[in-house]
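Below is one structure; the comments refer to it alone.
The values are calculated or read from the model by the stated rules, or taken from the named source; none is laboratory data. Predicted model, so just to flag it, every value in this text is computed and none were measured. Methodologically, a virtual Cβ is constructed for each residue, glycine included, from the backbone with ideal geometry; neighbour enumeration extends over all protein chains shown. With ligands, DNA and RNA removed, areas are computed over all heavy atoms of the protein, side chains included. Shrake-Rupley method; radii C 1.70, N 1.55, O 1.52, S 1.80 Å.
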Amino acid sequence: MKPTLKTGVAALVILCFFFSSDAAASGNKTVLLLPTLNFTDYEIWESKFYPVNVLERKMTEYLASLLRRDPFTDVRILDEEAAERWFAGERRPGDFAVRMELFSVLAKERETLGSFENTDVSLRVRMYDGGNGEMQDSRIASGSDQRYTFNPGDDRLYFLNAREYPVLEILQTNLFDRIHKDGLDLLRLTPPDKGQKMSRPTWKQFSSTSHWQAFKNAIADAAGEISGVSDDEFSLIGRIIAPTADSTLKRREYIITLGRKNSLAVGDILQVIRGDSYITVDPENPVVIVPRVVGNVKVTKLMDSESVVVLINEKPNDPVQLNDLVRTSRFGTKKAAPLK
């Protein structure tokens, strides 16, 4: 039987469903990048023919390129309309959104036998929960860079003055590519031409400067803050408060104190933890509580502030009990924690 358009489309739909389901179950976290805000007067134009500020977009794109280096992180860039819809409710529990806010740029340039550039950049990194859209964390990222480009600006380092050297002889030699407006740049010390100077630097001019390097250092610091957030820092703690009416010995169900507003989703797996108390000889820390995992439960039904979970597994000699704590990550998880 020859393949037809209908069979091809059907096969494509099945493949898309398979891979999307597999990706959803893989436990990857999705980071949504909201448009960067600029609270400074610092602007970069696309080009001299298109004088539109592109600094915020370039910053967002660079952050996305850094976060995508993590194989377990999916990154999506949202435009203004998509960001408004996300805050209005088009969110998926388990994801989280990040917005950079540029609030300080200290850029200095000094001309002394060349150009000396010194830049300090500071920005805020705000993280928003995918369940309720509220800000969950805010951190400061900063970066700096300095660079000296040698350019004497006179004839002292050039072989001959161009006005005294015959143009015809220059054209007949292979030194044509070394002609400088003040002579022959035999040592290739002349900085590359960056084009006409505008009221705002163009992206071509800006992207090769120390100023952009300072921005990249600040954004790299922001990426480290985002990717360095561990599941423990973003963990949610709840408690098992009651069994359900349908709970049986073979299928034990419980009610916990975490729900839809905590970004839980049906199918999420939570750790059941219990703390062991130890008396220490340290007067500043007389009691230390060490948590240990005693079981895993899976969310089967969601309410606003509570959820119904079913027991997946537990330690035979240390069964799950009422008043035990449950812990999950705001990034969500589809895998049960190992029981040691």
Check: Given the protein chains as shown and a 1.4 Å probe, how many square angstrom of Glu306 are accessible, to the nearest 10?
Finding: 70
Note to self: List the residues, sorted by chain then number, that are 5 or more residues from Gln136 or on another chain and whose placed amide H is less than 5 Å from its amide H.
What the structure shows: Met127, Tyr128, Asp129
Next item on the list: Give me the distance in nm between label points sitting 7 Å out from Cα along the Cα-to-Cβ direction at Ala265 and Arg292, one decimal.
Entry: 3.3
Note to self: For Glu306, what residues show an amide H to amide H distance below 5 Å, using hydrogens built from the backbone and excluding near sequence neighbours?
What the structure shows: Arg260
Notebook entry, point to check: Sorted by packing (mean other beta-carbon atoms within 10 Å per residue), highest first, where do 243-250, 131-138 land?
Noted result: 131-138, 243-250
Next item on the list: Quick one: what are the phi-derived ³J(HN,Hα) couplings along region 86-91, Karplus 6.51/-1.76/1.60 with θ = phi - 60°, whole Hz, x for glycine and proline?
Entry: 5, 5, 6, x, 7, 10
Checklist line | Separation in nanometres of the label points that stand 7 Å from Cα toward Cβ, at Ala245 and Glu43 | finding: 6.5
Check: In what sequence, largest accessible area first, do Lys298, Lys204 appear using a 1.4 Å probe?
Finding: Lys204, Lys298
Next item on the list: For the pairs Lys58/Lys261; Lys29/Lys58; Lys58/Lys108, note any where the Cα-Cα span goes beyond 28 Å.
Entry: Lys58/Lys261
